[in-house]
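The values are calculated or read from the model by the stated rules, or taken from the named source; none is laboratory data. Note that the structure is a prediction, hence the values are computed from the model and not measured. Here Cβ is always computed from backbone atoms with ideal geometry, including for glycine, and neighbour counts include all displayed protein chains.
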Amino acid sequence: MTIYDSIFSGNGVLNEQIARQVFNLLPDQGPIMVIMDREGHIWPSDSERFSMLHAGEEVLKGLCSKIDDGAEPVLTQMGDYSLVASQLATDKHNCGYVIIAVPQSSPESTLANMDLVEILLGQIGLIARLIEKNNLLYEHQVNQYRADPQTVAASN
């Protein structure tokens, strides 16, 4: 096992990288976004607001099972929030799920704007694929340096 194997394992490093990039783009009082891996570990964009949602493990697992059954995106209501959930996958990994909680929104208004939500979900998927490709290129570069120690000496 190399030091870089953790980037490509199921331990959530890729999900953390995706979360860091995507969450920086969200407005302060805008939607809450959650990235959840297949094992149920979650990365919320705003932990405090997410905890006030009371979206417990059962609710999240229910959304995920509907996605796994082929219904995607899944739309539901929790209090003043509409929840939209979808699978998060790259070319090589099934990262889990992305859940967007839209504040002060009804299912009807979210459905009326579903094209925009699907664009957002597509952009999140694109970010995930780009991060994965960057990680693969980085790993390839490290392997090249490891294979040719003179390249490392020449670059110093």
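Pairs please, first residue from region 113-135 and among the small types (Gly, Ala, Ser), second anywhere and assigned to a helix (DSSP H, G or I), Cβ atoms under 9 Å, 6+ apart in sequence or on different chains.
The qualifying pairs are Ala128/Leu14; Ala128/Asn15; Ala128/Gln17; Ala128/Ile18; Ala128/Gln21; Ala128/Val22.
Within region 125-142, track down each residue that is of a type in the set (S, T, N, Q) and crowded, with 16+ Cβ neighbours inside 10 Å.
Of everything in region 125-142, just one residue is of a type in the set (S, T, N, Q) and crowded, with 16+ Cβ neighbours inside 10 Å, namely Asn135.
If I filter region 67-77 for residues that are among the polar types (S, T, N, Q) and part of a helix (DSSP H, G or I), do I get at least one hit?
No, because not a single residue in region 67-77 is among the polar types (S, T, N, Q) and part of a helix (DSSP H, G or I).
Taking the criterion of being in contact with a Ser or Thr (Cβ under 9 Å, 6 or more places away or on another chain) and within 17 Å of Gly122 (Cα to Cα), would at least one residue in region 37-53 satisfy it?
no
Results for (1) modelled with pLDDT of 90 or more; (2) charged (D, E, K, R), shown as yes or no for each residue.
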{"site": "Ile99", "(1), (2)": "yes, no"}
{"site": "Glu108", "(1), (2)": "yes, yes"}
{"site": "Leu126", "(1), (2)": "yes, no"}
{"site": "Arg129", "(1), (2)": "yes, yes"}
{"site": "Asn134", "(1), (2)": "yes, no"}
{"site": "Gln144", "(1), (2)": "no, no"}
{"site": "Gln150", "(1), (2)": "no, no"}
